[in-house]
Each structure stands twice: as C-alpha cells, then as structure tokens.
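No value in this document is a laboratory result; all are computed from the given coordinates. Note that the structure is a prediction, hence the values are computed from the model and not measured. Ideal geometry is used to build each Cβ from the backbone, glycine not excepted, and the neighbour counts take in all protein chains shown.
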Amino acid sequence: MMVTVESTGTLQRRMRVELPAERIEKEVETRLKRVGRTAKIKGFRPGKVPAKVVRKHYGGQIRQEVLSELMQKSYSDAVQQENLNPAGGPQIEPVSTGSGEDFAYVATFEVLPEIELKGLDKIKVERPVVEIGDSDCDDMLDNLRRQRASWKTVERAAADGDRVIVDFDGRLDGEPFDGGKGSEVPVVLGQGQMLPDFEKGLAGVSAGDTKTIKVKFPKDYHAEDLQGKKAEFDLKVHRVEEQELPPLDDSLAAMYGVEEGGLEQLRRDVVDNMRREADDKIRNDVKEQVMEGLLAANPVEVPKSLVEQEMHTMQHEAMRRLGIEDHAQAPPRERFAEPAERRVRLGLLLRQFIEDNDLRLDPERLRQRVEEICSSYENSSEMVQTYLSNPRLMQQLEPLVLEEQAVDLLREGGVEKEKKVAFKDYMNH
C-alpha cells in the first residue's frame, strides 16, 4: 500500500492510497471460488458451475464488495500509518477501478487541531458568596402562603394585588378580532398578566362597573396582526376579590407535607432549598467564567464537519423543546452556527485539558452529584440507587461530572476572588 498526504487547508487533508492489483485480484478470486461452491445457476448442478460462468454472473458484484472493504480497511490503516487524527468521516473518490490495474483512491477529510493550551493561570473568576438571611426566608414563606391563598369578595374599589373578575369585548377599527373577547376572566392587578393599558383600566373599578378603555398593543406583540395597533375594549366588572393568606404557623407547614417539626422545620427546608438553588447558580456562573477565560486564551480553528454536526444536533434539540415534528418548520440551521462553533471549540479545549492532566472520573464526586439531583425527592435514598443502577442516566451524567472536575482544576489554577452578594439580588440578576 502506497500512501501520500497533502494539506489543502489548515485542517483539511488529501490522502491518496494505492493498492496493488495483485492484492485485489487475489481476494476476488478467493471469493469467486467460495461463491462457486454453492451458486445456483440454471443449467448447472450446484458446485459444478464453470469458473467463467461464476465470474460472468458474480464477478462485478464481488469486485465492488472487495474494493469497498479494502477501501475501508486501507483508509483506517493509512490514517494510523500517517499518524493522522480525522475529525470525521472522509469523502472518498476512486481514481482507478479497472480489472488488472492497481487501484487508487483519494480520501479528503479534516483532522483535529493540535492544541497546546496557554494562559490557564490567567483565567479570572469572581465567585459569588451568597448570603441567605432571615428576611430572604420570610419572603420565600410569603411566596408559599400566596401559592395557597384564597380569594374573598369585597365591596370596595379594586387596588393593586386584588383580583378582578371581568368580561371584555375588544374591537379593532370597530371590528371584533381573534382573542379580543373573554367572559369572567380573573385578572390579578399588578402581576402583569394583561397589557399595561388593560390593567390600568381596571384600577379602581368596583363590582357592577362598565366602561370602555383604549389599549395599545406593543410593537413586539406575539400576534403580528395586532403589533402596534390600538384597540377598544368594553369592560363589565363582575366582582372584586381580596387575597387571603393562610396563617404563618404549623398549618402552613402541613399544607406542604411537613408533618413533624411544624413551621420551624418548614423554615429549615426552605433555607435548604434556597441554598441548593443558589449553589446551582453559582456552579453555572463559575463554569461560564472559566469557559470564557479558556476560550479567550486559546483561539483555535475547529473542523467545519464537527461544527456542521453540532448545528444539526442543536437544531434537533430546538425542535424537541418547541414540540416541532415537521422539519420544514424547524429553526434555520444558520441560527446555530455561532453557538455550535463555540461548543465544538470548548469541547476540544476541555478534552485536551483532561488529557494533559490525566483526569479520571471521581466515583465519590459522581455519587455526590447524584445525591444532589435526588435530594428534593421524599424517597431520596431510593432515587439515588435507581439513578446509579440506570446505565443510560449514568452515561449522560458521567461526562458532566468529569467536566465539573476539569472546571474546578482550571479555577484553582487561575485567579479567583470572592464577592459577597445578597440572595435576592443574586437570584434575580
């Protein structure tokens, strides 16, 4: 086998492979003899078919099979021989396929870039230190109370936080429009569930009121035919309701399934959940800073074939999230070009870092991550065992944990400072 390789770009290679005719013919003859032993051809007994007849019937097909298999094997051997690291499958173009001649083909493919990581000690990270105070817990308990609130009819004008039950009938240029009519629709004032002009028109209304209001739709409104338009709505108020919160005592804890320890246990559970949420956000924020620092310090060209694959994957991920099954309705692939290239580049850089540092998956850390994921379940210990015994789930989680190990090592080798921040400010940022 003769192999020659030339670079046709930074990462693209053009490899010519020549195979001696003798090797091809020998394999073809061997297979023809094997087929001749069992071939069923009209006019001949099995095993007694002349070689010329076998060749006439099966020669072309067998030659193509031999050439196809030899190309696959010789390509793999040639890549190994030339110490090449292909980024994806090759495009193969046969050069000569005539019987009795040496066979040659040209394989065009991209190779993975050679990466020498730099600037790792200059990666800067600002790690948030999130403080959870009593007031943060109180605010969260108020949210829990509002989720279990009831509504009581009041005989007064509607104020912020009240719920108004209203009929509305909208017109655009004097004509009804889709979505412009509603009957006994509950609107909580101040929550922004309706357009600002609509909510403003309900401020101060009382049961039995009727009025007409003007509403302007924003220019980015989801219904294109209403964007920037002005409409009129006739309103009829059925009633005004005031929110009644459950008491802040053990009965609130019971509403959320906390049977032992009452309100104090609920407080502890709330703080634990807040800490988990904050820790997750901190982990993601730190990871993003590390990734950005790694990218900035190591610009590297990436194979176009890998970017194309990633664009395809991201497009299908978007279709799945949006519930789109018809490929004709899929978001344009071009939209994913930049994030796909970033994903590929980060993947290559992280893989190089993991290899350089001989990182191995930490089983204890893997288990801790599983326990974190399952901690919100009532039967968390059972869920941990279920998770650990599911090969598919573990195959998804293991590379993520190894990536977290790499991020931590990069962070430790870089420049890190801490910044104290209040829970509310951090989580709402």
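Table for the structure above
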quantity: Over the chain, relative contact order from alpha-carbon pairs under 8 Å, at least 6 apart, %; calculated: 18
quantity: Between the range 321-366 and the range 201-275, the Cα center-to-center distance that results, in Å; calculated: 39
quantity: The range 2-110: relative contact order in percent, alpha carbon pairs under 8 Å with at least 6 residues between; calculated: 35
quantity: Reach of Lys214 by Cα under 17 Å, taken over lysines that are not fewer than 8 positions away in the same chain; calculated: Lys181, Lys200, Lys229, Lys230, Lys236
quantity: Residue of Leu252, Leu266, Leu67 that the Gaussian network model of the chain assigns the largest fluctuation, springs spanning Cα pairs under 10 Å; calculated: Leu67
quantity: Cα-projected label distance for Lys419 with His312, points at 7 Å along beta-carbon direction, nm; calculated: 4.1
quantity: Cβ-derived FRET efficiency at R0 35 Å, Arg351 paired with His222, nearest 0.05; calculated: 0.25
quantity: Contour excess over end-to-end distance, with Cα ends at Glu93 and Arg156 and 0.36 nm allotted per residue; calculated: 14.4 nm
quantity: Value of relative contact order over the range 231-361, rounded to a whole percent, pairs C-alpha under 8 Å and six or more apart; calculated: 19
quantity: Counted charge near Val106, where neighbours are those whose Cβ lies closer than 9 Å (Asp, Glu -1; Lys, Arg +1); calculated: +1
quantity: Candidate values (1) 64, 55, 36; (2) 105, 60, 46; (3) 60, 50, 43, label of the one derived for Cα extents along the principal axes in Å; calculated: (2)
quantity: Set of lysines with alpha-carbon distance to Lys124 below 22 Å, sequence-local pairs under 8 removed; calculated: Lys281, Lys287, Lys417, Lys419, Lys420
quantity: Pairwise centroid distance, computed over Cα atoms, of the range 131-157 with the range 58-121, Å; calculated: 67
quantity: Relative pair counts by distance (%), Cα atoms of the range 263-315, 5 Å bins; calculated: 4, 16, 9, 12, 16, 12, 9, 7, 6, 5, 3, 1
quantity: Set of lysines near Lys42 by C-alpha distance (under 21 Å), chain-local residues within fewer than 8 positions excluded; calculated: Lys33, Lys52, Lys56
quantity: 14 Å beta-carbon shell around Leu84, net charge (K/R +1, D/E -1); calculated: -2
quantity: Charge sum, other residues only, whose C-beta stays under 11 Å from Leu263's C-beta, Lys/Arg counted +1 and Asp/Glu -1; calculated: -2
quantity: Lys/Arg +1, Asp/Glu -1 at C-beta; the chain dipole; positive extreme among Ser135, Ala337, Ala149; calculated: Ala337
